[in-house]
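> Take this structure first; my questions come after.
Rule-based calculations on the coordinates, nothing more; no lab input. Remember, it's a predicted structure, so these values are computed and weren't measured experimentally.
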Amino acid sequence: MRLRDLPATIEPRELLYPSNLLTLSRLLLVAPTLAYLRRPERRRAALLCLALAMLTDAVDGPIARARGEESRLGKLLDPIADKLLIDGAAVILSQTRGFPWWATGLLLFRDAGIIAAAVLLLRRRAQISSAELTGKATTALLTLAALLYVADGPRSGKPALYAALVPFALSFVQYGRRFLRAIRDR
């Protein structure tokens, strides 16, 4: 069965789930956060927006599970919001605050691979997979690194970035294995 042949699987009521409202608010915070990151005089606003956006990421999943409201919409929007925010922040921080371009390149490469694999799996199996624990740890540590780069530049941000490389590498391997297994099992 092809994805276009499936009945609508995202229920309109999913838009009202508190967890999905948090994810939607994170999506709405992407533009102002990235705009503030570009302006050195708006560093505090950038810190606040980035911290608030990623706080919504920390709580939306537990809220969805606690309320029994895990949804296809949430599984679809959550990683998109994360990738837009973290990847966008990495590019801007590389331009403005000394975040290493090699790290931004690795992040963009990994996330492009994850998105391509997810789209392929969604088209072939009409399945949205959830994040691995290492992917969540990577997001948390990259957020910390981004916040530290905004606040203090490489002096504080670089150690957090290097710490993020461990779960980053593990998540790359895990997502790759999961993708290959899913392709073989189809």
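> Once amide H atoms are placed 1.01 Å from N in the peptide plane, what residues at a sequence separation of 5 or more from PHE99, or on another chain, have their amide H within under 5 Å of its amide H?
Under 5 Å from the amide H of PHE99: SER94.
> While we're looking at this one, here's another question. Measuring from centroid to centroid over Cα atoms, what is the spacing of the range 83-110 and the range 10-58 in Å?
The distance from the Cα centre of the range 83-110 to that of the range 10-58 comes to 18 Å.
> Moving to a separate point now. Which aspartates and glutamates, if any, have their Cα less than 17 Å from the Cα of LYS136, not counting same-chain residues under 8 positions apart?
Correct list for LYS136: ASP57, ASP60, GLU70, ASP78, ASP82, ASP87, ASP111.
> Moving to a separate point now. Multiply the residue separation of GLU41 and LEU106 by 0.36 nm, subtract the distance between their alpha-carbon atoms, and state the gained length in nm to one decimal.
20.5 nm
> Add -39500 (n - 2.57) for each DSSP H run of 4 or more in the chain, then divide by its residues: what number comes out at 222 nm, to the nearest 500 deg cm²/dmol?
Computed mean residue ellipticity for the chain: -27500 deg cm²/dmol.
> For the range 45-108, place one equal point scatterer on every Cα, skip the solvent, and apply the Debye formula. What is log10 of I(q)/I(0) at q = 0.15, 0.17, 0.22 Å⁻¹?
Results for the range 45-108 at q = 0.15, 0.17, 0.22 Å⁻¹ read -0.57, -0.69, -0.93.
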